[in-house]
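The values are calculated or read from the model by the stated rules, or taken from the named source; none is laboratory data. Note that this is a predicted model, so its numbers are computed, not measured. Cβ: placed from backbone, ideal geometry, glycine included. Neighbour counts: every protein chain shown.
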Amino acid sequence: MRKDFEMTLSNPLAEEYFKELQILVVDDAIDSVELLSIYLSQYGAAVTGATSVADAIAKFDQLQPHLLIADIGFPGEDGWSLIHRIRARSPQQGGLVPAIAVTAYAQKEARFRSLQAGFQYCLTKPINLDELLTAICSLTG
């Protein structure tokens, strides 16, 4: 199992925020996508995974998700490219979707670049799941 997630106490209030919430999770590591899917689904969210920018854009168009969670560093187009493509869309096409960046890059520059690119939050790996729940509730509540 990957060490991208820091298991902590769960947030019992998150279930109210997550009911019927469509979340698109993008990461080239399929086990990271699966772990987040399992975790967020426990609160009632409908989670769809994608492992590349092309896959994410196709699924984004199908789902029109309420929230995007995307890793920054993966081969080919990266998470910054993905958010630039989404932010270039009209609001009706999902251009304003709330978005959380996830990165193993701990430098301040990576966090700043993520926020500047259009993500509202930037979480570093290993992901503290309570911090993730708080960010999701803040963006969708």
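Numbers below:
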item: Residue match in the stretch 76-87 (condition: touching a helix residue (DSSP H, G or I) at 6+ places or on another chain (Cβ under 8 Å), farther than 16 Å from I23 by Cα and acidic (D, E)); result: yes
item: Residues that are surrounded by 18 or more Cβ atoms within 10 Å (Cβ to Cβ), among the aliphatic types (A, V, I, L, M) and over 24 Å from Q107 (Cβ atoms), drawn from the stretch 60-90; result: L67
item: Every residue from the stretch 125-138 that is under 20 Å from Q22 (Cα atoms) and surrounded by fewer than 18 Cβ atoms within 10 Å (Cβ to Cβ); result: D130, E131, T134, C137, S138
item: R2 being over 21 Å from S138 (Cα atoms), among the basic types (K, R) and at pLDDT 95 or above; result: no
item: Scan of the stretch 21-33 for residues that are outside any loop (DSSP other than H, G, I, E, B) and either within 16 Å of P98 (Cβ to Cβ) or touching a helix residue (DSSP H, G or I) at 6+ places or on another chain (Cβ under 8 Å) (or both), ordered by number; result: Q22, I23, L24, V25, V26
item: Elements of type strands (runs of 3 or more DSSP E) contained in the stretch 34-136, each with 2 or more residues being without any contact (Cβ under 8 Å) to a residue 40 or more places away in the chain; result: 46-50, 99-103, 121-124
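Residues are listed down the side, and each one gets a yes or a no for (1) of a type in the set (S, T, Y); (2) over 17 Å from F18 (Cα atoms); (3) surrounded by 14 or more Cβ atoms within 10 Å (Cβ to Cβ):
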site	(1), (2), (3)
Q42	no, no, no
A58	no, yes, no
I100	no, no, yes
A110	no, yes, yes
L123	no, yes, yes
